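Down below is the structure, laid out as structure tokens.
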Amino acid sequence: MTERCEQARILVVDDSIAFCGGSDFTRNRWDTQQHLPVDQRRRTADGRLFGPRHDVEIAVDGAAAAALGEAVDYRLRQVMSTPGGLSIVLPPRPVREGDWVAAIPVDGHNLVATAGAEDNLALEPGDTVMVPRRVNTVMVLGAVPRSGAVPFVEGRTTDYYLNESGGVREDGALNRMVVVHANGAVEPIARDTVLTPGDVVVVPTRHIVRTVRTESELQTWLRTIVPLAIAALVF
């Protein structure tokens, strides 16, 4: 009997539990054997429906998991012994405006200065008006070593706050940075953009590709990508 798998995915945890099959280890992969066109149970974390999935996957433990661990180790050694080595890719987590904005931004200064002639929205029952507390910091989030608040300095640009946060990580996508203003408005920014108090700088991630050819290089790279992978899942 000949066995073949076009795209095998194997995940082994401490040689004690393992997952193997054709399904990606990601979100939106659960399904039943019926693969119904529409299934109300098949939803994303935020409640949206997603389409049917048709994959075969197994979960094993004990000796079977240890055997899969040995198989992975054998394959890695084979690949690393070739001239091309092993390429590892860490995918990015895209940043969408909808992740950050759930309100209609209003220019409060303009509202007061024009005595309500401008930026005076008509409200409906159940609406909530939020006036943010004035802060004297700029938040930097995402692909930086030290996410958090940085004291605001008049006239300083994005680059200054990035440096104060430890610089940009290897997986940082500078060409897709955005700033979330205190009023909820979102816009793309560059390193030379002058920021204001209360701004939140978001540095999204990008693909990282590394080629390793020895076991020591692999271990070093795995130690490097573990915090990046965790950050990609959390951020």
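The values are calculated or read from the model by the stated rules, or taken from the named source; none is laboratory data. None of the values given here were measured: they were computed from a predicted structure. For neighbour counting, all protein chains shown are included, and Cβ atoms are generated from backbone atoms with ideal geometry for every residue, glycine included.
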Residues to consider are Val202, Val209; find the one that is at pLDDT below 90, part of a strand (DSSP E or B) and surrounded by 15 or more Cβ atoms within 10 Å (Cβ to Cβ). Val202
Regarding region 127-137, can at least one residue be identified that is of a type in the set (D, E, K, R), at pLDDT below 85 and surrounded by 13 or more Cβ atoms within 10 Å (Cβ to Cβ)? no
Can you tell me how many residues within region 46-67 are modelled with pLDDT of 90 or more and not in a strand (DSSP E or B)? 6
Of all residues in region 10-35, how many are without any contact (Cβ under 8 Å) to a residue 40 or more places away in the chain, on the phi < 0 side of the Ramachandran plot, surrounded by 12 or more Cβ atoms within 10 Å (Cβ to Cβ) and over 21 Å from the mean Cα position of the chain (by Cα)? 2
Go through region 138-177 and give me each residue that's among the hydroxyl-bearing types (Ser, Thr, Tyr) and either part of a loop (DSSP other than H, G, I, E, B) or surrounded by fewer than 18 Cβ atoms within 10 Å (Cβ to Cβ) (or both). Ser147, Thr157, Tyr160, Ser165
Within region 126-146, tally of residues that are in contact (Cβ under 8 Å) with a residue 40 or more places away in the chain and within 13 Å of Gly167 (Cβ to Cβ): 4
Kindly evaluate Arg43 against the criterion of being at pLDDT 65 or above, surrounded by 12 or more Cβ atoms within 10 Å (Cβ to Cβ), more than 30 Å from Glu170 (Cα to Cα) and not β-branched (Val, Ile, Thr). yes
Please determine, by comparing only the residues of region 99-121 that are in a loop (DSSP other than H, G, I, E, B) and among the small types (Gly, Ala, Ser), which one is modelled with the lowest pLDDT. Ala102
